[in-house]
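I have placed the structure first, in the form of C-alpha cells, so that the comments after it can refer back to it.
Computed from the coordinates by the stated procedures, all read-outs in this text should not be read as laboratory data. These figures come from a predicted structure and were not determined experimentally. Virtual Cβ from ideal backbone geometry, glycine too; neighbours counted across all protein chains shown.
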Amino acid sequence: MSKGLRTLMFSVAAMFACQVQADFYVVVQSDNPQAFITKKEAVNLFMGRSRAFSNGDFALIFDLPRDDPKRAAFYLSLTGWAPAKVNSYWSRLMFSGQSMPPQPLPDELAMINIVERNPSALGWLSQPPTNPSLRTILVIKE
C-alpha cells in the first residue's frame, strides 16, 4: 500500500472516529495525586515534551498502536494534527534521539489494565472510565 493511500485511509478513519466519538478521557490510577491537567499539559506529555506531571511526579505514558483509528482521532482532537504529521513528528524525535513515543498497548482494555495497576501511568480512553480504579483528569472534546 502506498504511503499516500495509507495517509488518506488514516485521515478518513480519523474523521469518521471523530464523528462517532468526539470525547477522549485522559486517565490515571485513582491513587495518583494529579487532580487534573490542562490540554497543553496533555499535549506536552503525549508528544514527549514532558515526562512528568505538573507536581513533578514521573509520568509513564501509554497509547494505542500507530495504525489504530482511535489513536488517529485522539491526536487529531489533542493536537489538531493528522496521523501522518504525528507519525512524522515522532520519527524525527526518535531519529535524533530526543524522545521516544508513549508505550503502545494493543487496545483500550490493556490501557485500563496497566493504568489501574500503576500510579505513575497516564493513558486515554474513548469512553468514560467505569472502573473505580481509574480517574479522569482531562476530557478532550472535538
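In a reduced charge model with +1 at each Lys and Arg Cβ and -1 at each Asp and Glu Cβ, the chain shows a dipole moment near 520 debye about its Cα centre. Net charge around Asp57, counting only other residues with Cβ within less than 12 Å of its Cβ (Lys, Arg = +1; Asp, Glu = -1)? Neighbour charge sum, excluding Asp57 itself: 0.
If you work out P(r) over Cα pairs in 10 Å bins from 0, in percent from the coordinates, which of (1) 10, 33, 33, 20, 4, 0; (2) 12, 44, 35, 9, 1; (3) 10, 32, 23, 21, 12, 2 do you get? Evaluating P(r) over Cα pairs in 10 Å bins from 0, in percent on these atoms matches (2). The residues packed around Leu138, meaning those with a beta-carbon under 13 Å from its beta-carbon, carry a net charge of +2 if Lys and Arg are +1 and Asp and Glu are -1.
With the charge dipole of segment 3-140 set up from +1 on Lys and Arg Cβ and -1 on Asp and Glu Cβ about the Cα centre, the Cα lying farthest toward the positive end among the listed residues Leu138, Phe62, Gly80 is that of Gly80.
Note on the chain: antiparallel DSSP beta bridges, both residues inside, total approximately 75 percent of the bridges counted. Ranking Gly123, Gly48, Pro104 by Cα position along the charge dipole of segment 3-140, where only Lys, Arg, Asp and Glu carry charges on their C-beta atoms, puts Gly48 farthest toward the positive end.
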